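Below is one structure; the comments refer to it alone.
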Amino acid sequence: MSGPSPVPVLMYHAVTETPAPAVRELSVTPRAFTGQLAVLADRGFTPLTTAALAAAWRDGGALPAKPVLITFDDGYEGVHRYALPALVRHGFPATLFVTTGWLRGPYGTGGGPDTMLDWDQVRRLAAAGVEIGGHSHRHPPLDGLTDDRLRREVLRCKEIVTAETGAAPESFAYPYGHSSRRVRQLVRGLGFRQALAVRNALADRRQGPYALARLTVRRGTGPEEFARLVEGHGITRAFARDRALTKGYAVVRRTRQAARRLRPGGRRDPEDDN
């Protein structure tokens, strides 16, 4: 007897006509986003929140015939300005993973790549049915941090989301998609019930609740390619370049992490104190 079918989990970032250069490739125009929601509706997909999908897989609950997840990373202002009205028109839920230090407001640390949400907008998104999840406080690659800094990054994010929305976040997304067993154990230990990576593949229950895959939607994702991806076709070909770059970068990152553990003379890296 086969298990549940894999599910497309779409990963968006900025939704805007005029993205900052740093996020241009990972942005989509409002018109493209609206068209992509229409594709989902026309093809009979039923969007769920991350928490709803994970709960169904965890507890053996029923899922619609064609589930899909719409997720946003970081917290760009266009998610409220442009994406929310389109979601509301279709009655679609979504999940927003916020980098709390990048959002405008009392916890801001700077560093947001474009115009970011403020907390009033986050609360309006939540009230409209968008699940608010965590995405760390400053958006570092978590698997390269010391244990103390890793805990601070994830816990600070959770505390701020809880204080500002009145609900503890259940779902987490790893910055840049990077995690490790140590990171996943920490995320689970701090009370998150599921977490998303990237991997550019369909999400499958066998991946486990703390390493679910997503599909990147970017500015160059045309209507036909989008339709193929959500139906599970041509994924390997569409993301072949991404996978090659990811493998090469993983080697570089592991080398850098090993070199950074201790500086000459046994001194700690000052980054660990930030």
Filter the range 36-87 down to the residues that are acidic (Asp, Glu) and under 18 Å from Val7 (Cα atoms) and list them by number. Asp42, Asp59
Cβ contacts < 6 Å: first residue at positive phi, restricted to the range 203-229; second residue open to solvent by 50 Å² or more (accessible area, probe 1.4 Å), any location; separation 6+ or different chain. Result? none
The strands (runs of 3 or more DSSP E) lying wholly within the range 1-95 that contain at least 1 residues that are aromatic (Phe, Trp, Tyr) and buried (at least 22 other Cβ atoms within 10 Å of the Cβ) are 9-12, 67-74
I need the full set of residues from the range 102-113 which are surrounded by fewer than 22 Cβ atoms within 10 Å (Cβ to Cβ) and either among the hydroxyl-bearing types (Ser, Thr, Tyr) or under 23 Å from Met11 (Cβ atoms) (or both), in order please. Arg104, Tyr107, Thr109, Gly111, Pro113
Sole residue being modelled with pLDDT of 95 or more and in contact with a Pro (Cβ under 6 Å, 6 or more places away or on another chain), chosen from Phe97, Phe92, Phe72: Phe92
In the range 178-204, which residues are touching a strand residue (DSSP E or B) at 6+ places or on another chain (Cβ under 9 Å), open to solvent by 20 Å² or more (accessible area, probe 1.4 Å) and in a helix (DSSP H, G or I)? Arg184, Arg188
Tally the residues that are assigned to a helix (DSSP H, G or I) and open to solvent by less than 30 Å² (accessible area, probe 1.4 Å), restricting the search to the range 118-140. 4
Given the condition closer than 26 Å to Ala211 by Cβ, touching a His at 6+ places or on another chain (Cβ under 7 Å) and of a type in the set (Ser, Thr, Tyr), answer yes or no: does some residue in the range 70-86 qualify? yes
Restricting to the range 162-175, count the residues that are crowded, with 19+ Cβ neighbours inside 10 Å and either touching a Ser or Thr at 6+ places or on another chain (Cβ under 6 Å) or not charged (D, E, K, R) (or both). 6
Cβ pairs under 6 Å, 6+ apart or interchain, first in the range 138-166 and more than 16 Å from Thr99 (Cβ to Cβ), second in a helix (DSSP H, G or I) and at pLDDT below 95, ordered by first then second residue, are Gly144/Gln257; Thr146/Asp272
From the list Asp242, Asp143, exactly one residue is open to solvent by less than 60 Å² (accessible area, probe 1.4 Å), in a helix (DSSP H, G or I) and at pLDDT 95 or above. Which is it? Asp143
Total residues in the range 148-173, condition closer than 14 Å to Thr95 by Cβ and among the hydroxyl-bearing types (Ser, Thr, Tyr): 2
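The values are calculated or read from the model by the stated rules, or taken from the named source; none is laboratory data. Bear in mind the structure is a predicted one, so any value in this text is a computation, not a measurement. Using ideal geometry, Cβ is built from the backbone for each residue, glycine included, and neighbour counts are taken over all protein chains shown. Protein only, heavy atoms only, side chains kept; ligands, DNA and RNA dropped before computing areas. Shrake-Rupley method; radii C 1.70, N 1.55, O 1.52, S 1.80 Å.
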